[in-house]
Amino acid sequence: MKDFIFNIPTKIIFGNGKIAQLKEYLDPEIKRVLIVTGKNVGRKSGALDKIVPQLEQKQFFFFDKVEENPTLEQVKKCGELAKEKDVQLVIGLGGGSPMDAAKGCAVLATNPGNMIDYMNGKPLSHEPLPVICVPTTSGTGSEVTPYAIFTDPENQSKGGFSHPGIFPRVSIIDPELTYSMPEDVVNNTGLDVLTHALEAYLSTDTYDLNDLLALHSIEIVLENLEAASKKDKKAMSRMSYASILAGIAITHASTILLHIMAYPLTVFQKVPHGRANAALLPAFLRFMKEKSVVKERVARLEKMFERVGGIKHFINSLNISTALSSYGVDKSQLELFAQKTIIKGDIEITPAEITERDIINIYLSTWS
Ligand code: NAP
Ligand code: FE
């Protein structure tokens with residue numbers, strides 16, 4: 001049996017209506033707070049109406065411009081605001097984009113320079129500010145991970161920052177805040193959960209205890225995503241739970257080849273993150289079935305997918321195409337996509353020998 005370290009320092013508060021208890025988790029010593037959120041989500045989800053009255057004893061400020069797939073520039077601005085207002089706590093409210101921006105902001109509030117340097121391995125000189133996450137999608141799992149993902153438009157790439165200091169101190173996971181998601185956001189983010197769990201399960205870094213979480217998360221998604229997409233509240237709550245399980249699974253085993261192959265679809269074609277992963281999932285699994293050293297694991301996943309008529313059918317039934325041509329991708333782009341992918345560290349933890357040609361072939365196999 002493999003050795004392992006299992007560590008999730010985030011205090012997880014889960015349940016309908018739990019956002020009303022945020023105040024209980026605010027340190028009385030903390031006087032100045034920055035709320036980092038998207039343009040609309042705070043209002044649409046109803047979260048702000050519930051959070052603001054609980055901050056009456058504190059000074060609070062907003063950075064409410066976080067865009068989907070936050071850029072390095074945005075995070076820099078957010079960090080500058082945190083410094084200028086001398087805040088002591090950052091609350092990330094929204095989907096993965098605002099939660100990740102909040103984490104990046106917490107880093108730049110206490111550390112000099114640019115996020116890209118820290119993403120490239122420069123050590124932090126100071127602990128980041130504490131972060132509280134309040135997810136409104138289900139989701140990226142950012143509410144329980146030590147990861148934050150940023151877009152670098154200059155280099156046309158997406159990349160991650162990982163540090164134990166950005167584990168949220170507390171995450172309030174109140175499924176009611178996800179009820180306002182439009183159907184496409186439910187589907188995209190729900191399939192992000194599925195790919196997190198599945199990639200963690202196939203990663204060379206996983207281990208028995210982590211497998212339990214990953215497999216259970218997959219089961220929950222297969223059982224609930226269709227109903228969640230039709231706004232069944234019980235199913236939406238289950239998806240919030242599955243997002244946590246998959247987030248914990250990637251904390252310990254990471255995502256692998258699929259996520260890094262999907263990044264160029266988001267950077268170049270603006271395909272939403274979860275949708276980009278889902279579009280490539282059947283092709284990725286075919287490759288893993290043929291070329292990986294974990295064929296029995298792939299077979300187990302295929303068996304699980306039988307109940308939903310196979311993975312491609314499941315994805316397509318959620319109105320998501322698994323043909324790259326339908327996202328405006330041209331075959332002439334694939335070489336560049338493969339070059340952007342092969343240099344990422346997550347290749348090392350994908351249990352297969354992978355060449356640039358293999359990556360191009362996986363993309364190409366979505367055309368037929
Ligand atoms: P998102 O980009 O945060 O949000 C997508 C859209 O949904 C936005 O327009 C947002 O509105 C809207 N929205 C969110 N919640 C809503 C709600 N309850 N009601 C109505 N609208 C709502 O989507 P996401 O998929 O959750 O996050 C994607 C990002 O997370 C990517 O950058 C991805 O790389 C990253 N990610 C991070 C991790 C990690 O571990 N840190 C893991 C996987 C992915 P607004 O415009 O108002 O925000
Ligand atoms: Fe993801």
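So the values come out like this:
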{"quantity": "Residue among Asp184, Asp192 that is modelled with pLDDT of 95 or more, part of a helix (DSSP H, G or I) and near ligand 1 (Cβ under 8 Å from one of its atoms)", "calculated": "Asp192"}
{"quantity": "Filtered residue count, region 340-357, keeping only those that are touching a helix residue (DSSP H, G or I) at 6+ places or on another chain (Cβ under 7 Å) and in a helix (DSSP H, G or I)", "calculated": "6"}
{"quantity": "Flag if Ser237 is among the polar types (S, T, N, Q) and surrounded by fewer than 23 Cβ atoms within 10 Å (Cβ to Cβ)", "calculated": "yes"}
{"quantity": "Identity of the residue in region 349-360, touching a residue at least 40 places away in the same chain (Cβ under 8 Å) and not hydroxyl-bearing (Ser, Thr, Tyr), that ends up nearest to Leu265 (Cα to Cα)", "calculated": "Ile359"}
{"quantity": "Residue match in region 245-264 (condition: of a type in the set (S, T, N, Q), under 27 Å from Pro9 (Cβ atoms) and part of a helix (DSSP H, G or I))", "calculated": "yes"}
{"quantity": "Residue in region 287-307 that is under 17 Å from Thr140 (Cβ atoms) and of a type in the set (S, T, N, Q) present", "calculated": "no"}
{"quantity": "Any hit, region 161-169, residues being out of contact with any Lys or Arg (no Cβ under 9 Å at 6 or more places or on another chain) and within 15 Å of ligand 2 (Cβ to nearest atom)", "calculated": "yes"}
{"quantity": "Residue match in region 212-221 (condition: touching a strand residue (DSSP E or B) at 6+ places or on another chain (Cβ under 9 Å), buried (at least 24 other Cβ atoms within 10 Å of the Cβ) and part of a helix (DSSP H, G or I))", "calculated": "no"}
{"quantity": "Per-region count, region 358-368, residues under 25 Å from the mean Cα position of the chain (by Cα) and assigned to a helix (DSSP H, G or I)", "calculated": "4"}
{"quantity": "Any chance Glu176 is under 29 Å from Leu336 (Cα atoms), modelled with pLDDT of 95 or more and buried (at least 17 other Cβ atoms within 10 Å of the Cβ)", "calculated": "no"}
{"quantity": "Contacts under 6 angstrom Cβ, first residue in region 114-143 being within 14 Å of Pro168 (Cα to Cα) and touching a residue at least 60 places away in the same chain (Cβ under 8 Å), partner within 13 Å of ligand 2 (Cβ to nearest atom) and of a type in the set (Gly, Ala, Ser), 6 or more apart", "calculated": "Thr140/Gly96; Gly141/Ser243; Gly141/Ala246; Gly141/Gly247; Ser142/Gly96"}
{"quantity": "Qualifying residue in region 340-357 (condition: touching a Pro at 6+ places or on another chain (Cβ under 9 Å), modelled with pLDDT of 95 or more, farther than 22 Å from Thr206 by Cα and surrounded by 13 or more Cβ atoms within 10 Å (Cβ to Cβ))", "calculated": "yes"}
{"quantity": "Test: residue in region 227-248 that is touching a Ser or Thr at 6+ places or on another chain (Cβ under 9 Å), of a type in the set (Phe, Trp, Tyr) and within 14 Å of ligand 1 (Cβ to nearest atom)", "calculated": "no"}
{"quantity": "Where Ala82 falls short, out of the listed (1) more than 16 Å from ligand 1 (Cβ to nearest atom); (2) surrounded by fewer than 16 Cβ atoms within 10 Å (Cβ to Cβ)", "calculated": "(2)"}
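Every residue, every condition in (1) under 19 Å from Ser326 (Cβ atoms); (2) in contact with a Gly (Cβ under 7 Å, 6 or more places away or on another chain); (3) surrounded by fewer than 24 Cβ atoms within 10 Å (Cβ to Cβ); (4) among the hydrophobic types (A, V, I, L, M, F, W, C), yes or no:
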residue	(1), (2), (3), (4)
Ala249	no, no, no, yes
His252	no, no, yes, no
Ile256	no, no, no, yes
Met261	yes, no, no, yes
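The values are calculated or read from the model by the stated rules, or taken from the named source; none is laboratory data. Computed from a predicted structure; not experimentally measured. No Cβ is skipped: glycine too gets one built from the backbone with ideal geometry, and neighbour counts run over all protein chains shown.
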